[in-house]
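Everything below concerns the one structure shown next.
Just so it is clear, none of the values below were taken in a lab; they were calculated from the coordinates. Note that this is a predicted model, so its numbers are computed, not measured. Ideal geometry is used to build each Cβ from the backbone, glycine not excepted, and the neighbour counts take in all protein chains shown.
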Amino acid sequence: MRGLSAAFTTDFLISFAMVAVILLMLGLIINLYSELSNIKMRYKRMMGGSEGASIEQMLSAHTTEVNEAVKKYKSLQGQVDVLEDLMRSSLARVAVIHFDAFEKTGQGLSWCVAILDRNNNGVVFSSICGNETERSYVKPIEDGRVASNYKLTKEEEQALRQAMSR
């Protein structure tokens, strides 16, 4: 009986170990099933989109939106280029010099104004004032220089230098 009892105990222990392994595997299967259900729910939510659209529809809509934004950007970039060209040719640099054209007046009534764009093109206006007369002059400026058939006075040159340095 002793042999039978030892065999019974060994069989019992093996059976108990197998039941424990089966229960452990059953627990793992339930855990995996729960995680799989959770993943399926998240997948359906993602594929369904927030408003019932699939992810493919959402990506298609997003791609269309991005393409429209790129077209708008290119259009705006063209407008910026036009505005930059206009800005370069707009009058942007001004300098004013007051001076005494005649020694006896002493009131600084004469003046000259240099008005230039960003390319140093523009004009120099001058007004020479005396006690009884006044003369006005306009001289064109291109690339920071007066045309060859004109000559600048020292005051006009000073106004031109000041305007170009701004």
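Can you give the FRET efficiency to the nearest 0.05 for N149 and L76, using r as the Cβ-Cβ distance and R₀ = 30 Å? Display every interim value, and only then the final one.
Numbers: r = 44 Å, r/R0 = 1.47.
Efficiency, rounded to the nearest 0.05: 0.10.
Here the Karplus curve 6.51 cos²θ - 1.76 cosθ + 1.60, taken at θ = phi - 60°, turns the phi angles of region 93-103 into couplings of 10, 9, 9, 10, 10, 9, 7, 9, 6, 10, 4 Hz, with x standing for Gly and Pro. Listing F102, F12, F125 from fewest to most neighbouring C-beta atoms within 10 Å gives F12, F102, F125. Summed over qualifying helices (DSSP H, 4 residues or more, each -39500 (n - 2.57)) and divided by its residue number, the chain shows a 222 nm mean residue ellipticity of -20500 deg cm²/dmol. The simple spin-label model puts a point 7 Å past each Cα toward its Cβ; for S89 and Q158 those points are separated by 3.4 nm.
Which of the helices in the chain, when you take each full DSSP H run, stretch at least 18 Å along the axis at their Cα atoms and have an average Kyte-Doolittle score of 0.0 or higher? Don't skip to the answer; put the middle values down first.
Details: long enough: 2-48 (68 Å, 0.91); 55-89 (51 Å, -0.46).
Membrane-span-like by this criterion, though nothing is claimed about a membrane: 2-48.
For A101, the residues whose modelled amide H falls within less than 5 Å of its own, excluding neighbours fewer than 5 places apart on the same chain, are L109, S110, C129. If R0 is taken as 45 Å, the Cβ-Cβ distance between E68 and Y43 corresponds to a FRET efficiency of 0.90. Across M46, M25, M87, mean-square fluctuation computed from a Gaussian network of the chain (C-alpha pairs under 10 Å connected) peaks at M25.
Ordering 109-115, 55-61 by mean Cβ neighbour count within 10 Å, with the highest value first, yields 109-115, 55-61.
Across the chain, counting alpha-carbon atoms alone, Rg and Dmax equal 45.8, 151 Å.
A simple rule links phi to the HN-Hα coupling: the Karplus curve 6.51 cos²θ - 1.76 cosθ + 1.60 with θ = phi - 60°, which for region 136-152 gives 10, 9, 10, 10, x, 10, 10, 6, x, 10, 7, 4, 5, 8, 10, 10, 8 Hz, with x for Gly and Pro. Distance between the 7 Å Cα→Cβ label points at S54 and M18: 4.9 nm.
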